[in-house]
Amino acid sequence: MKKAWKQIVDSFDIEVVLICDSKEDGYHLAKQLAEEHGFNDYDVVFIEYLNKMARIRLRINVSQVGSHYSWLSEKVNSLDNEKR
Amino acid sequence: MERQFEILLAPLDPVHDVGLRLISKGLAHKGYNTKCLPPDVSVEEIVEQTNLIGPKTLLIGRTIGYGLAELVARLVDMLDATGQRRDIKLGLGGKNITQELAAELGFDRGFGPGTTVDQVVNFIEGRNEQDTGLEGGWPDKKDITLGYSYRYNHEEIGELLDRIAEDALQRFEMFSSPGLERAYVREKIIGVENEEGNQYDNRLHPTIKTLREEYASHCNEEIANFYLNSIPPSNVKELQQEEVDRIVSFSCESSHPAPRLQTTNSQPSIFIQYGTGCPLMDIAHIKGCEAWGVDGVLHFDPVWSARSEGLIEGYFSTSDSGTLYTPQNIRLIRKCLNPSTLWSLRAHRGLNTPETVVLAGNLGADMVKINPFYGGLSGGTDPERMLVDAIGAIKLAAKYDLVFDIPVGHELAGVPTKKTFASIFIVAAIAKKLNVRTILTPLFCYSPHVIIEGQMENNYVDYNAARIKALKQVMDAPIRAGEPVGFMTHTEERVQSAVSTAMHTALAMSLGVDNIVIASTDEAYSGGPIALASRIDTLKAVKETFRFFGTTEILPTDQKDIWGDEIIEGIFDVLKLVEKKGDIADAMYGGLLGDKEEGAYFGRTGKGTVFKKNEAL
């Protein structure tokens, strides 16, 4: 069975509004959110703070360019299985 | 007797039937016999109708809600009990209906919001769910240059350009460069490969071995080392053959004609730029963009490669932004493109310009990009070298019947429009003399010169419209708006970014532009590579723009004409000075087409490498 994580082409984004005290606080919380979920390779693509709230786009990088792409090998494995 | 209906549509809903009626109308338009029952019919009435008319397909519309499962289960049971179920294809559509839910409820196919008539036709005809059912298979590639005469609409400017182009062709005829020499060797290598088959191991072929040594003699040390000692540059990584085979297999599976972005034939074609550094990731991005309707893709190579004398061979990725031109990388990407996808290679700003044209011409690209003034004034390449290579490259484009576009990236450095447009027209005039078709590629965005002069303080419409007006009044040639449209207006915020691209697209379309290069919603994000999802963001935005505006027009203010006329006068003045200077290389060195005050800096890469053809290297 395919693992969804391995089918991600490059990255996925979490778009969220966090209650916080400042833009810096929101930025810190966004990073914390990523780490709490076990993501090590992430970046805050966008943050906008207004009135105790931060609208955030947090990117979790899965496949680095030039690395081994799991979606490519998963695809072939499933084709091989079908052939068998 | 009741007429034989192929398809029965029944809104199993007390009120709503609009979705089903639209599908019914669409199916009837495609020649199917359909019967659509009114809302608020009971399960029993539907079964009675199916029994009466014997449809091949029954489509049920139902807004999901309390009691749905029981209701449709009863319908399926009754069809079973009356012996009809096995002879009827059963589809269920409505808000929140998914394929999984429909299957659970005993239906053959589920249709959610946004279902198209083509998707329903696929179901009726038993075709693959992914098959869009587009009639006639792959659409033809659009010829962006079709219908253009390349006549000068401004007589005096035309006469000036004619003389400048004639002089440039005569002046540079006697010169060559390592870049041109490599291009000619590459042509020979490809010629032998074509005779022997395109095997990478052809490097063991005695003729190719000799040619590779000759090629290496025109390269810098790092690239020569690759050919002579098999040592690749430090910042590249060779791909495994297995990975290459897998991406080809993936691309074959994911190649299907996609619904177009455009809603009318007059709307411009849409290109995206790619160049992640890895051809495998590029292909994944291209296949995604093709699926979401892109018409063409534009290859960006890395800066260091453009500044190296020579290209390497093989399947390679690089850690830099931009994907390496190698014959194998190019062949691989070509192999994976949809047959209808237009493909352009950037060849305008570095030491490998002529060879890139050779690769494009031999390996299936539709167009390239060439502008020596951009390359020499803000691309880092020595102006004289750039001119020699570019004129040689245009001659190669003529040989391969390749279209090329002429970008004005130096306007992004701060060079004013009148100078960048004068340079566009000089290149177009040279191409015209060699019977090569060109596409004029103005900036269609915010730019430093505009910021300083304040032409976009009130709106983004008038000055962009003035740019297009000026181009059209000088020459009857196709125009590509770029590059990408809305550059420098985008932020990291994806909605703003997508809307800005969409608005610029709408304006460019309204002004009669033929082709548009769009960014992803990651355009302003510098923290990492562009995500495929961000590319799809803007394709969706552009599709909605085409749907919204159709063939309507945006009306600029009178300021457009004032600025448009100023640009034309400026082009005329610049060209008069260029002609007076006598040599376009001197004109470039003299700042007539952009100077340091305006952000143009003469490139130094390749300086002193130009030589007379009859002199030894």
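The values are calculated or read from the model by the stated rules, or taken from the named source; none is laboratory data. Because the structure is a prediction, the values reported are computed rather than measured. Neighbour counts run over all protein chains shown; Cβ positions are idealised from the backbone, glycine included. Protein only, heavy atoms only, side chains kept; ligands, DNA and RNA dropped before computing areas. Shrake-Rupley method; radii C 1.70, N 1.55, O 1.52, S 1.80 Å.
Residue by residue through the stretch A:44-63, note down the ones that are among the small types (Gly, Ala, Ser) and more than 11 Å from B:ALA531 (Cβ to Cβ). Give the derivation first.
Taking the stretch A:44-63 as the starting set, the residues that turn out to be among the small types (Gly, Ala, Ser) are A:54, A:63.
Matches in the stretch A:44-63: A:ALA54 only.
Residues to consider are B:ASP301, B:ASP295, B:ASP282; find the one that is surrounded by 23 or more Cβ atoms within 10 Å (Cβ to Cβ) and at pLDDT below 95. If you could, list the steps in order and put the result at the bottom.
Values: B:ASP295 fails: at pLDDT below 95; B:ASP282 fails: at pLDDT below 95.
Every option except B:ASP301 fails the conditions.
Quickly run through the stretch B:331-355 and pick out the residues that are within 21 Å of B:VAL244 (Cα to Cα) and open to solvent by less than 10 Å² (accessible area, probe 1.4 Å).
If the condition is that a residue be within 21 Å of B:VAL244 (Cα to Cα) and open to solvent by less than 10 Å² (accessible area, probe 1.4 Å), then B:LEU332, B:ILE333, B:CYS336, B:ASN338, B:THR341, B:TRP343, B:LEU345 are the ones that fit.
Looking at this structure, is B:THR538 open to solvent by less than 10 Å² (accessible area, probe 1.4 Å) and out of contact with any His (no Cβ under 9 Å at 6 or more places or on another chain)? Reasoning before the result, please.
On the way: open to solvent by less than 10 Å² (accessible area, probe 1.4 Å): yes; out of contact with any His (no Cβ under 9 Å at 6 or more places or on another chain): yes.
For B:THR538, the condition - open to solvent by less than 10 Å² (accessible area, probe 1.4 Å) and out of contact with any His (no Cβ under 9 Å at 6 or more places or on another chain) - is met.
Open to solvent by 10 Å² or more (accessible area, probe 1.4 Å), away from every other protein chain (no Cβ under 14 Å), at pLDDT 95 or above and more than 21 Å from B:ASP366 (Cβ to Cβ), is that true of B:ASN435?
Working: open to solvent by 10 Å² or more (accessible area, probe 1.4 Å): yes; away from every other protein chain (no Cβ under 14 Å): yes; at pLDDT 95 or above: yes; more than 21 Å from B:ASP366 (Cβ to Cβ): no.
Answer is no for this residue.
Filter the stretch B:252-269 down to the residues that are within 20 Å of B:ALA506 (Cβ to Cβ) and among the hydroxyl-bearing types (Ser, Thr, Tyr) and list them by number.
Taking the stretch B:252-269 first, the residues within 20 Å of B:ALA506 (Cβ to Cβ) are B:259-269.
Within the stretch B:252-269, B:THR263, B:THR264, B:SER266, B:SER269 meet the criteria.
Going by what's in this entry, would B:SER500 be described as among the hydroxyl-bearing types (Ser, Thr, Tyr) and surrounded by fewer than 24 Cβ atoms within 10 Å (Cβ to Cβ)? Reasoning before the result, please.
On the way: among the hydroxyl-bearing types (Ser, Thr, Tyr): yes; surrounded by fewer than 24 Cβ atoms within 10 Å (Cβ to Cβ): no.
When the stated conditions are applied, B:SER500 does not pass them.
Within the bounds of the stretch B:44-53, is there any residue that is surrounded by 13 or more Cβ atoms within 10 Å (Cβ to Cβ), assigned to a strand (DSSP E or B) and β-branched (Val, Ile, Thr)?
no
So which of B:ARG163, B:ARG171, B:ARG182 is modelled with pLDDT under 95 and either open to solvent by 10 Å² or more (accessible area, probe 1.4 Å) or closer than 22 Å to B:ALA306 by Cα (or both)?
Values: B:ARG163 fails: modelled with pLDDT under 95; B:ARG182 fails: modelled with pLDDT under 95.
So the residue among B:ARG163, B:ARG171, B:ARG182 that is modelled with pLDDT under 95 and either open to solvent by 10 Å² or more (accessible area, probe 1.4 Å) or closer than 22 Å to B:ALA306 by Cα (or both) is B:ARG171.
Please work out which residue is nearest to the other protein chains (Cβ to nearest Cβ), limiting yourself to the stretch A:17-43 and to residues that are open to solvent by 40 Å² or more (accessible area, probe 1.4 Å) and in a strand (DSSP E or B).
Here the answer is A:TYR42.
What are the residue pairs meeting all of these: first residue in the stretch B:484-512, first residue under 20 Å from A:VAL17 (Cβ atoms) and within 14 Å of another protein chain (Cβ to nearest Cβ), second residue assigned to a loop (DSSP other than H, G, I, E, B) and open to solvent by 10 Å² or more (accessible area, probe 1.4 Å), Cβ atoms under 7 Å, and 6 or more apart or on different chains?
Listed by first residue and then by second, the contacts come to B:THR491/B:ALA524; B:GLU492/B:ALA524; B:GLU492/B:TYR525; B:SER497/B:HIS490; B:SER497/B:THR491; B:SER497/B:GLU523; B:SER497/B:ALA524.
Would you check which residues across the stretch B:104-132 are exposed (fewer than 14 other Cβ atoms within 10 Å of the Cβ), under 25 Å from B:SER254 (Cα atoms) and among the acidic types (Asp, Glu) and list them? Break it down into steps so the answer makes sense when it comes.
Of all residues in the stretch B:104-132, those exposed (fewer than 14 other Cβ atoms within 10 Å of the Cβ) come to B:104, B:113-114, B:125-126, B:128-130.
Subsequent filtering for residues that are under 25 Å from B:SER254 (Cα atoms) retains B:113-114, B:125-126, B:128-130.
Hits for the stretch B:104-132 are B:GLU125, B:GLU129.
Do any residues in the stretch A:44-73 that are facing another protein chain (nearest Cβ under 9 Å) and assigned to a strand (DSSP E or B) have Cβ atoms under 8 Å from those of residues that are small (Gly, Ala, Ser) and buried (at least 21 other Cβ atoms within 10 Å of the Cβ), where the two are at least six apart or on different chains, and which pairs are they?
A:VAL44/A:ALA30; A:ILE47/A:GLY26; A:ILE47/A:ALA30; A:ILE47/A:ALA54; A:GLU48/A:ALA54; A:ARG59/A:SER11; A:ARG59/B:ALA531; A:ASN61/A:SER11
Kindly provide the set of residues from the stretch B:454-471 that are crowded, with 23+ Cβ neighbours inside 10 Å and farther than 17 Å from B:THR505 by Cα, ordered by number.
B:ALA470, B:LEU471
Please list, ordered by residue number, the strands (runs of 3 or more DSSP E) wholly in the stretch B:217-317 having 3 or more residues that are in contact (Cβ under 8 Å) with a residue 12 or more places away in the chain and more than 11 Å from chain A (Cβ to nearest Cβ).
Working: elements: B:236-238, B:269-274, B:296-299.
Per the criteria, B:269-274, B:296-299.
Checking the condition within 47 Å of the chain's Cα centre (by Cα) and open to solvent by 30 Å² or more (accessible area, probe 1.4 Å), which residue from B:LEU58, B:LEU101 passes? First the steps, then the outcome.
On the way: B:LEU58 fails: open to solvent by 30 Å² or more (accessible area, probe 1.4 Å).
Only one candidate passes the filter, namely B:LEU101.
Just checking, which of B:ARG171, B:ARG151 is of a type in the set (D, E, K, R) and closer than 16 Å to B:GLY582 by Cβ?
Numbers: B:ARG151 fails: closer than 16 Å to B:GLY582 by Cβ.
Within the list B:ARG171, B:ARG151, the selection yields B:ARG171.
When you scan the stretch B:356-389, how many residues do you find that are in contact with a helix residue (DSSP H, G or I) (Cβ under 6 Å, 6 or more places away or on another chain) and either under 30 Å from B:GLU195 (Cβ atoms) or open to solvent by 10 Å² or more (accessible area, probe 1.4 Å) (or both)? Steps first, answer last, please.
To start, the set of residues in the stretch B:356-389 that are in contact with a helix residue (DSSP H, G or I) (Cβ under 6 Å, 6 or more places away or on another chain) comprises B:357-359, B:361-364, B:368, B:370-378, B:381, B:383-384, B:386-389.
Still in the running and either under 30 Å from B:GLU195 (Cβ atoms) or open to solvent by 10 Å² or more (accessible area, probe 1.4 Å) (or both): B:357-359, B:361-364, B:368, B:370, B:374, B:378, B:384, B:389.
So the answer is 13.
So if I check each of B:ILE479, B:ILE518, B:ILE451, which one is open to solvent by 20 Å² or more (accessible area, probe 1.4 Å) and either more than 14 Å from every other protein chain (Cβ to nearest Cβ) or closer than 26 Å to B:ILE283 by Cα (or both)? Let's see the steps before the verdict.
Details: B:ILE479 fails: open to solvent by 20 Å² or more (accessible area, probe 1.4 Å); B:ILE518 fails: open to solvent by 20 Å² or more (accessible area, probe 1.4 Å).
Every option except B:ILE451 fails the conditions.
Residue-wise test of (1) in a loop (DSSP other than H, G, I, E, B); (2) polar (S, T, N, Q); (3) at pLDDT 85 or above.
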{"residue": "B:LEU59", "(1), (2), (3)": "no, no, yes"}
{"residue": "B:THR63", "(1), (2), (3)": "yes, yes, no"}
{"residue": "B:TYR66", "(1), (2), (3)": "yes, no, no"}
{"residue": "B:LEU90", "(1), (2), (3)": "no, no, yes"}
{"residue": "B:LEU101", "(1), (2), (3)": "no, no, no"}
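Restrict the check to the stretch B:458-467 and report whether at least one residue is among the aromatic types (Phe, Trp, Tyr), away from chain A (no Cβ under 14 Å) and farther than 26 Å from B:ILE536 by Cα.
Looking through the stretch B:458-467, at least one residue is among the aromatic types (Phe, Trp, Tyr), away from chain A (no Cβ under 14 Å) and farther than 26 Å from B:ILE536 by Cα.
For B:SER340, are the conditions met, namely being over 12 Å from the mean Cα position of the chain (by Cα) and of a type in the set (Ser, Thr, Tyr)?
Working: over 12 Å from the mean Cα position of the chain (by Cα): no; of a type in the set (Ser, Thr, Tyr): yes.
Taking the combined requirement at face value, the residue does not satisfy it.
Restricting attention to the stretch A:1-16, which residues are β-branched (Val, Ile, Thr) and either more than 11 Å from every other protein chain (Cβ to nearest Cβ) or exposed (fewer than 12 other Cβ atoms within 10 Å of the Cβ) (or both)?
Taking the stretch A:1-16 as the starting set, the residues that turn out to be β-branched (Val, Ile, Thr) are A:8-9, A:14, A:16.
Listed by number, the residues that qualify are A:ILE14, A:VAL16.
A quick yes/no check of all residues on (1) part of a loop (DSSP other than H, G, I, E, B); (2) open to solvent by 10 Å² or more (accessible area, probe 1.4 Å); (3) out of contact with any strand residue (DSSP E or B) (no Cβ under 9 Å at 6 or more places or on another chain):
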| position | (1), (2), (3) |
| --- | --- |
| B:GLY564 | no, no, yes |
| B:ILE568 | no, yes, yes |
| B:ASP573 | no, yes, yes |
| B:LYS580 | no, yes, yes |
| B:GLU597 | no, yes, yes |
| B:TYR601 | yes, yes, yes |
